[in-house]
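Structure first, then comments.
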Amino acid sequence: MTKEHPRDQKTETVFALLVTSDTRTIETDETGRLAKSLIEGAGHKVKLYDLVPNDASKIEGWIKKPLDSGGVRVIVTSGGTGIGAKDKTVDTVSGIFEKTLPGFGEHMRRLSYEEVGLPGVWSRSTAGVAGGKLIFCLPGSKGAVRTALEKIILPGIGHMLWELDRV
């Protein structure tokens, strides 16, 4: 029997989830509910779940809540990763990053291309680290959120947190 490497151990952690949208409400937000279900189904907790409009000051104000929270380790946003004038999430949140994780966006775009073709390449999905927390900015579609969580974030969360906590 091989011994499991510490970075590959299963971990349970606490997430914060933000959906940015000018048309959805918490009651009509299927993407956020899906993300919450996938995160909790993997054994993690969602401490904060909210929806704000595509407004840079509101997005930044909300992001500061989990950054200042001692319990949250992972922040996931959904929406605002496109190239339209209303898409503010990536520009706002990436300005908070202390470190970027370019491989996340690259891999997400590759997977999205395989699933939806060229529009997957235009996404500005990104990830980074700030305040000792992992932050992932995902597109607003249910398919993209499912792909990111099931194929990248949830399988790798133990390793990522292990790396983040190393001294």
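May I ask you to evaluate 6.51 cos²θ - 1.76 cosθ + 1.60, the Karplus curve with θ = phi - 60°, for each residue of the stretch 24-32 and list the ³J(HN,Hα) values in order in whole Hz, giving x for glycine and proline?
8, 10, 4, 5, 9, 7, 6, 5, x
If we count every other residue with Cβ under 14 angstrom of residue 77's Cβ, Lys/Arg +1 and Asp/Glu -1, where does the sum land?
So the environment of residue 77 carries a net charge of +2.
For the chain, what is the per residue volume of the convex hull drawn over the alpha-carbon atoms, in cubic angstrom?
It is 118 Å³ per residue.
At R0 = 35 Å, how high is the FRET efficiency between residue 10 and residue 122 if r is their beta carbon distance? Nearest 0.05 is fine.
0.50
Run through the stretch 81-161 and list the GluC sites (Glu not before Pro) located in a DSSP loop whose Cβ has at most 15 other Cβ atoms within 10 Å.
98
Pick from 68, 91, 29: which is most flexible by mean-square fluctuation in a GNM of the chain where alpha carbon atoms under 10 Å apart are linked?
68
Just the number, please: percent antiparallel of the DSSP beta bridges in the chain, rounded to the nearest 5.
Antiparallel bridges: around 30 percent, rounded to the nearest 5.
Test of the criteria: in the stretch 135-167, which trypsin sites (Lys or Arg not before Pro) are in a DSSP loop and have at most 10 other Cβ atoms within 10 angstrom of their Cβ?
Passing both the DSSP loop test and the Cβ count: 166.
What's the longest uninterrupted piece of the chain once you rule out the chymotrypsin sites (Phe, Trp or Tyr not before Pro) that are loop residues per DSSP with at most 16 other Cβ within 10 Å?
1-96
Values in this text are rule-based calculations from the coordinates and carry no lab data. Since the structure is predicted, the reported quantities are computational estimates derived from the model, not experimental observations. Cβ atoms come from the backbone with ideal geometry, glycine included; neighbour counts cover every protein chain shown.
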